[in-house]
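Some notes on the structure that comes next.
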Amino acid sequence: MIDKAVPDARGVSERTPADRTVAVWDLPLRLWHWALAVSVLTAWFTPTVHDNLHRIVGYTVIGLLVFRLLWGFCGGRYSRFRVIGVRLRAAPSYLLNLRRGITGRYIGLNPAGTLMLVALLLSLGISAITGALSVTVPFFGVWWIEDTHAIASDVAIVLVVLHVVGVVLMSMLQRENLIRAMITGRKRIRHCS
Ligand code: HEM
Ligand code: HEM
């Protein structure tokens, strides 16, 4: 639900209880997310066919990953690594509960989403760095750099597919359009933690 009311200092806007929303994703994080999605998908479809474009979006991914690391220290509340650390520790029990159909409700990423964030950052980091190394002189043609690049890229794409399936399933289970929230930055606040 897009809220037209003016939010208070905590980012919460008060209208009727049914449409109270809270600011979750700050603008830089939202721009970062969609720029990363476009760059990674472009990188996936361009090797060999459009090498220059592949390299440009690959280096863009490196820049975006560096930004996300910085944003983990100075971004909005739900972008911070402090919150991310706490939710990561909750991931094993969260996944067990999920199998019994208990989802819990979180304003920022839930523990499974947090696990996915870390897995995506790692696989994309390895993919982009080995990609960049594979075109620099000392590593040019080194088989294990090329193999690592191919494997990490495959892992990243599998994770992206799981990520999108997870987002759609969770949106249906919790009756909250998470994709719209990643565009507007706001979520409804019903029974959240
Ligand atoms: C290559 C493609 C993509 C990558 C690498 C990616 C990566 C990520 C990452 C890292 C986060 C965590 C945000 C944070 O840093 O705190 C995230 C969140 C999210 N992504 Fe993606 N994403 C991709 C594509 C998509 C697509 C296509 C959609 C929509 C269909 C989507 C929807 C979302 C949503 C809704 C969230 C927030 C989840 C929540 O509220 O629990 N993503 N994504
Ligand atoms: C996250 C970012 C990236 C993704 C997802 C990605 C993905 C891929 C994929 C799927 C392949 C085909 C692998 C195979 O089956 O052999 C590939 C090949 C390649 N990538 Fe990347 N890549 C990324 C970043 C980069 C970067 C930063 C560079 C260099 C600047 C780079 C340079 C290459 C090169 C030289 C190849 C060999 C194939 C060719 O284009 O002729 N990649 N990449």
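The values are calculated or read from the model by the stated rules, or taken from the named source; none is laboratory data. Every value quoted in this text rests on a predicted model; they were computed, and no experiment measured them. With ideal geometry, Cβ positions are generated from the backbone for all residues, glycine too; neighbour counts draw on all protein chains shown. Heavy atoms of the whole protein, side chains included, go into the accessibility calculation; ligands, DNA and RNA do not. Shrake-Rupley method; radii C 1.70, N 1.55, O 1.52, S 1.80 Å.
Tabulated values for the structure
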| item | result |
| --- | --- |
| Inter-label distance, nm, simple model (7 Å from Cα along the C-beta direction), Leu121/Ser171 | 2.5 |
| D (Stokes-Einstein, µm²/s), Kirkwood Cα radius, segment 27-183, 0.692 mPa s at 37 °C | 195 |
| Under the span-like rule (Cα at least 15 Å along the axis, Kyte-Doolittle mean at least 0.5), DSSP H helices of the chain | 27-45, 51-74, 111-133, 143-174 |
| Å² of accessible area per residue within segment 27-183, as computed with a 1.4 Å probe and no ligands counted | 60 |
| Accessible area (Å², 1.4 Å probe, nearest 10) - Arg55 | 110 |
| All-pairs Cα distance distribution in segment 18-79, expressed in whole percent, bin size 5 Å | 4, 18, 22, 17, 13, 10, 8, 5, 2, 1, 0 |
| Area accessible to solvent at Ser153, 1.4 Å probe radius, in Å² | 20 |
